[in-house]
Amino acid sequence: MENTPEQGNSSTLIDLQALSKVFYTEEVETHALSDIHLEVKAGEFVSIAGPSGCGKTTLLSILGLLDSPTGGDYLLDGEPVASLTTSQRAKIRNQAIGFIFQAFNLIGDLTVYENVELPLTYRGMAGSERRERVHTSLERVGMAHRMKHYPSQLSGGQQQRVAVARAIVGKPLILLADEPTGNLDSKNGNAVMDLMKELHDEGATICMVTHDPRYATVADRSVHLFDGQVVDEEDAQRAEHAQELEESGFDV
């Protein structure tokens, strides 16, 4: 897989066909995703929207090879992922996918520099190249002046910027962002979204889960989920409204 997508390249990076995910317990069978069809082209910015519990994070976990579907097909950059071994999946996650999480997921006893460098250490990359990449990524997100600090010494917005630097330092095929503004106030949330837009303008392919309609509109297009299925925007709004009424005790 090529790890540096080119601006204007219209190749399909993500191709999901009839994807499903079922969680089983001894007594309950939960259909988290059902018959998902989705294509994401190189250079696209796609938002995945929907209410809590609709399957957004499950879908993102499958896209990031953190989980496996129960049924259907998933091709990443034209290659089927179903037959990949655990070590192959880990290598692809390290080299082709950049993750940005709502909770930042920085390691508390590592400095900013060390947090951003960590994904590169698993590649056996020379120290000089690691240093160059880390410095470039931190400068890109405006955090180079904090590289010797620890996460506890940073604000939430600063921690998320470091998390973005860690996600892009490996020059991945695609960025997967799970509610990247969820733990931030509006000012820092807007700043992170501005950074995401800039990365997209520079050619990054992004899939972002968000519950905030303001940020969903930043993307090229939105995919709406409801009860584990892709629905159009009007159907999603009607379904969410009906759900709200039902939860409030009204008959619908």
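Right, residue 185: in contact (Cβ under 8 Å) with a residue 24 or more places away in the chain and out of contact with any Leu (no Cβ under 9 Å at 6 or more places or on another chain) or not? Steps first, answer last, please.
On the way: in contact (Cβ under 8 Å) with a residue 24 or more places away in the chain: yes; out of contact with any Leu (no Cβ under 9 Å at 6 or more places or on another chain): yes.
Taking the combined requirement at face value, the residue satisfies it.
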So if I check each of 75, 66, which one is on the phi < 0 side of the Ramachandran plot, open to solvent by 30 Å² or more (accessible area, probe 1.4 Å) and part of a loop (DSSP other than H, G, I, E, B)? 66
So residue 87 clears everything in (1) in a helix (DSSP H, G or I); (2) buried (at least 16 other Cβ atoms within 10 Å of the Cβ); (3) not charged (D, E, K, R) except one condition, right? Which one? (2)
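Residue check: is residue 121 under 17 Å from residue 167 (Cβ atoms) and open to solvent by 50 Å² or more (accessible area, probe 1.4 Å)? Please lay out each step first, then the result.
Values: under 17 Å from residue 167 (Cβ atoms): yes; open to solvent by 50 Å² or more (accessible area, probe 1.4 Å): yes.
So residue 121 passes the test.
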Filtered residues of segment 14-44 (kept if open to solvent by less than 40 Å² (accessible area, probe 1.4 Å), in contact with a helix residue (DSSP H, G or I) (Cβ under 9 Å, 6 or more places away or on another chain) and either of a type in the set (Val, Ile, Thr) or part of a strand (DSSP E or B) (or both)): 14, 16, 19, 21, 32, 33, 36, 38, 40
Yes or no: segment 126-138 includes at least one residue that is surrounded by fewer than 16 Cβ atoms within 10 Å (Cβ to Cβ) and in contact with a Pro (Cβ under 9 Å, 6 or more places away or on another chain). no
Among (1) buried (at least 21 other Cβ atoms within 10 Å of the Cβ); (2) under 17 Å from the mean Cα position of the chain (by Cα), where does residue 217 come up short? (1)
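The values are calculated or read from the model by the stated rules, or taken from the named source; none is laboratory data. Please read these numbers as outputs of a predicted model, since none were measured by experiment. Here Cβ is always computed from backbone atoms with ideal geometry, including for glycine, and neighbour counts include all displayed protein chains. Only protein heavy atoms, including side chains, enter the accessible area calculation; ligands, DNA and RNA are left aside. Shrake-Rupley method; radii C 1.70, N 1.55, O 1.52, S 1.80 Å.
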